[in-house]
Amino acid sequence: MAEEKSKFKLFLYGFLLGLMFFGMVRLILSGGGLFLRGELFGFMFLLILSLIGFMGYASHWGEKVFFTVFVLYLANLLAVWYFTKALYLVLLLLALIGFLISLPKARTKVIIPPWAEEPHSQVFEEKEESEQKEETEEPVVEIVEEPVAEVKKNEAKNEPKKVSAIYSPGKLIASSRSNVYHLPKCEWAKKIKKERRAWFKNAEEAEERGFRAHSCLQ
């Protein structure tokens with residue numbers, strides 16, 4: 001849409017300048033002497049300036065050249081009117097139309113307040129990697145050398161009780177080197193070696209011997 005408007009404006013400039021130069025030729029031929037030489041010089045200067053405007057129109061500075069051409073043409077018609085008392089209204093009207101459409105427009109600079117600017121997007125790759133790692137990582141089982149036994153009143157039984165496999169198989173299983181008990185179907189339970197397996201009838205018995213429940217029981 002903007003390109004079509006620009007082409008139409010360029011065509012309008014060409015149309016106005018063509019009529020103006022045709023009228024100027026008629027004006028030159030109607031005079032003589034110093035008037036003829038002055039108008040001929042002005043005609044050549046404005047013609048060259050117009051060609052420069054057409055060449056630079058695509059770069060937007062050509063429109064400023066057209067504005068200069070129309071201003072000089074208006075000044076020439078006013079000078080002719082002043083010295084010869086002849087007013088060419090049609091040419092004056094054409095030059096005035098060209099002057100108005102080529103009038104430079106003031107460009108307003110849009111200032112965007114700081115609070116209206118969009119914040120820069122930030123990518124927290126390290127955070128995402130750590131979260132993903134936490135999701136995929138298997139729970140860590142705390143390992144102790146021996147389970148801590150409940151203190152008994154009898155000093156003879158004060159030492160930690162060693163768990164044996166007398167309850168095998170039972171409902172719960174643990175490692176003799178750990179303090180966590182599991183369900184037999186738990187993945188961690190399947191990794192316990194046979195010589196280290198300790199079986200319990202129930203959770204009370206396991207907790208009495210110093211073990212705590214794994215997440216598979218929660």
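Where a number appears in this text, it was derived from the coordinates with a stated rule and is not lab data. Everything numeric in this text was worked out from a predicted model, so none of it was measured. Counting neighbours? That spans all protein chains shown, and the Cβs are built from the backbone with ideal geometry, glycine included.
Holding the Cα-Cα limit at 28 Å, pick out from K171/K191; K7/K105; K64/K85; K9/K85; K5/K85 the pairs that are longer than that.
Over 28 Å Cα-Cα: K64/K85; K9/K85; K5/K85.
When the Debye formula is applied to the Cα atoms of region 1-82, each taken as the same point scatterer, what base-10 log of I(q)/I(0) results at q = 0.17 Å⁻¹?
Taken in order of the listed q values, log10 I(q)/I(0) reads -0.69.
What are the residues whose amide H is under 5 Å from the amide H of S178, where those residues sit 5 or more places off or on another chain and H is modelled from the backbone?
So S178 has HN proximity to V144.
Given Cβ point charges of +1 (Lys, Arg) and -1 (Asp, Glu) and nothing else, what value in debye, to the nearest 20, does the dipole of region 2-101 about its Cα centre take?
The calculation lands at about 140 debye.
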